[in-house]
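Student: Quick one: the structure is below, and I'll ask about it shortly.
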Amino acid sequence: MGFDRLIKGFSGLRVLKEGLTGNTGWTAHWRDPDPKPEYDIIIIGGGGHGLATAHYLASQHGITNVAVLEKGYLGGGNVGRNTTIVRANYMLPGNSEFYSHSLKLWEGLENDLNYNVMHSQRGIINLFHSDGQRDAFARRGNQMIAQGDDAILLDRAGVQRLLPYLDFDQTRFPIYGGLYHKRGGTARHDAVAWGFARGADSRGVDLIQQCEVTGIDIENGAVRGVQTTRGAIRAKKVGMVVAGRSSQVAAMAGMRLPIESHVLQAFVTEGLKPCIDHVVTYGMGHFYISQSDKGGLVFGGDLDLYSSYASRGNLPTAEHVVEAAMTLMPVIGKAKMLRSWGGIMDMTPDGSPVIDRTHIDGLYVNCGWCYGGFKATPASGHTFAHLLATDTPHPVAAKLRLDRFRTGRGILDEEATGSQHNLH
């Protein structure tokens, strides 16, 4: 890296220079362009996955005549409304290689973007509470290792050495042990969106905010562009990457997707001194917790189990999550809850995503991320960009097909709970 890039880019030297000169040299991270009449590719959705797609289209495939259309502001959806967990502890073929690929991209992401996304491989420990759960986690760990990822099966004493603050003797669900995924961890959600936005913009991609798509133009079975609140924009290809709004956007093209939208709430406490070094998940309470760089304990639990496009959440689910927190680690009761928020989750029947072409020529869909959206961000963008650029699926995303719900072949029921939306 040359001295000029150190001064103009992001580096310790640049931060020192700006700190000594009143921070007057910083410029906008990306342009605010007006939409052009036509692009090669339009990406609907300026969240993490849409921005990552644009970045990889430009950086990996040299396609820069691209527009990302966002009805609000960049990163204002689920990428800024999650609990920031990064992991590759999936089991089924089709998911396991995809999330393994994503974790490898995470590990090189800051160098790729020249941007600090605060990726912290602090490790994830999934607790188990019965002999049956131990057997299931042992199998999952073996599958993870076979995929090329890491897994360590901890007994009770092993967990107690790492997580001494838990209640190991709770009456209903005593802790038997845990599956330790050392390469898992967290990243800073908004920094991920900003890094991808900056990477795409610097290569010529237009990031257009306050531009809501109101219609998709189709002629003779092929997409021709979109209608927006800022006028019509033509394009040869259109990619839909809108998470919980997938069904609504697809309906503009006359499609009915196998998606239900639900709210997933998250919570954060006041800032505390460092006390939780890992990400911890509670196998009997669907509760997960970590500590942010600012000191807040960030945690969440189950979906609000009814369909909704609201991002407020509800009090019964909040109570359920807090009950799980208190059962697992009663000491959390001393912390003051600072705020809560909700993200709109696009839930598929089998709990696994879709990256595929549609039956309309030139129209592509990226949806159904359920609980896996944030951790999938790099691989989602990388593989969707490959599909848009080449019209062939990337090898690690080849099983994430849309037609599996119509044919019944290739269902990816990762949790073994059956192909029903409300069980995932």
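The values are calculated or read from the model by the stated rules, or taken from the named source; none is laboratory data. Predicted model, so just to flag it, every value in this text is computed and none were measured. Every residue, glycine among them, receives a Cβ derived from its backbone with ideal geometry; neighbour counts consider all protein chains shown. To get the accessible areas, we keep the full protein, side chains included, count just its heavy atoms, and leave off ligands, DNA and RNA. Shrake-Rupley method; radii C 1.70, N 1.55, O 1.52, S 1.80 Å.
Student: Which of the numbered conditions does Thr407 fail, given that it passes all the others? Conditions: (1) farther than 16 Å from Met240 by Cβ; (2) open to solvent by less than 10 Å² (accessible area, probe 1.4 Å).
Tutor: (2)
Student: Take the residues in the stretch 315-343 that are part of a strand (DSSP E or B) and open to solvent by 20 Å² or more (accessible area, probe 1.4 Å), then tell me which one is nearest to Arg81 (Cα to Cα).
Tutor: Restricting to residues being part of a strand (DSSP E or B) and open to solvent by 20 Å² or more (accessible area, probe 1.4 Å), the top hit is Trp341.
Student: Looking at Asn220 and the list (1) in contact (Cβ under 8 Å) with a residue 40 or more places away in the chain; (2) open to solvent by 10 Å² or more (accessible area, probe 1.4 Å), which single condition is not satisfied?
Tutor: Just one mismatch for Asn220, condition (1).
Student: Would the stretch 21-39 turn up any residue that is under 19 Å from Asn366 (Cα atoms) and buried (at least 19 other Cβ atoms within 10 Å of the Cβ)?
Tutor: No, every residue in the stretch 21-39 fails to be under 19 Å from Asn366 (Cα atoms) and buried (at least 19 other Cβ atoms within 10 Å of the Cβ).
Student: If we scan the stretch 255-278, do we find a residue that is on the phi > 0 side of the Ramachandran plot, at pLDDT below 95, open to solvent by 10 Å² or more (accessible area, probe 1.4 Å) and touching a strand residue (DSSP E or B) at 6+ places or on another chain (Cβ under 8 Å)?
Tutor: Looking through the stretch 255-278, none of the residues is on the phi > 0 side of the Ramachandran plot, at pLDDT below 95, open to solvent by 10 Å² or more (accessible area, probe 1.4 Å) and touching a strand residue (DSSP E or B) at 6+ places or on another chain (Cβ under 8 Å).
Student: Which of the residues belonging to the stretch 354-378 are in a loop (DSSP other than H, G, I, E, B), crowded, with 20+ Cβ neighbours inside 10 Å and touching a residue at least 60 places away in the same chain (Cβ under 8 Å)? Break it down into steps so the answer makes sense when it comes.
Tutor: At the first step, the residues of the stretch 354-378 found to be in a loop (DSSP other than H, G, I, E, B) are 358-360, 362, 368-376.
If we keep only those that are crowded, with 20+ Cβ neighbours inside 10 Å as well, we get 362, 368-376.
Residues satisfying the conditions are Gly362, Gly368, Trp369, Tyr371, Gly372, Gly373, Phe374, Lys375, Ala376.
Student: Going through the stretch 121-149 one residue at a time, which ones are on the phi < 0 side of the Ramachandran plot, of a type in the set (Gly, Ala, Ser) and crowded, with 18+ Cβ neighbours inside 10 Å?
Tutor: Matches in the stretch 121-149: Gly141 only.
Student: Go through (1) under 21 Å from the mean Cα position of the chain (by Cα); (2) part of a loop (DSSP other than H, G, I, E, B) and name the single condition Gly381 misses.
Tutor: Going through the list (1) under 21 Å from the mean Cα position of the chain (by Cα); (2) part of a loop (DSSP other than H, G, I, E, B), Gly381 breaks only (2).
Student: Considering every residue within the stretch 133-142, establish whether at least one is under 19 Å from the mean Cα position of the chain (by Cα), at pLDDT 95 or above and not acidic (Asp, Glu).
Tutor: Within the stretch 133-142 (the criterion being under 19 Å from the mean Cα position of the chain (by Cα), at pLDDT 95 or above and not acidic (Asp, Glu)), the answer is no, since none of the residues qualifies.
Student: Related question: If I filter the stretch 282-291 for residues that are more than 22 Å from His119 (Cβ to Cβ) and exposed (fewer than 15 other Cβ atoms within 10 Å of the Cβ), do I get at least one hit?
Tutor: no
Student: While we're on this one: So, Leu57, is that one out of contact with any helix residue (DSSP H, G or I) (no Cβ under 6 Å at 6 or more places or on another chain), outside any loop (DSSP other than H, G, I, E, B) and open to solvent by less than 30 Å² (accessible area, probe 1.4 Å) or not? Talk me through it step by step, then tell me what you get.
Tutor: Numbers: out of contact with any helix residue (DSSP H, G or I) (no Cβ under 6 Å at 6 or more places or on another chain): no; outside any loop (DSSP other than H, G, I, E, B): yes; open to solvent by less than 30 Å² (accessible area, probe 1.4 Å): yes.
Judged against the criteria, Leu57 is not a match.
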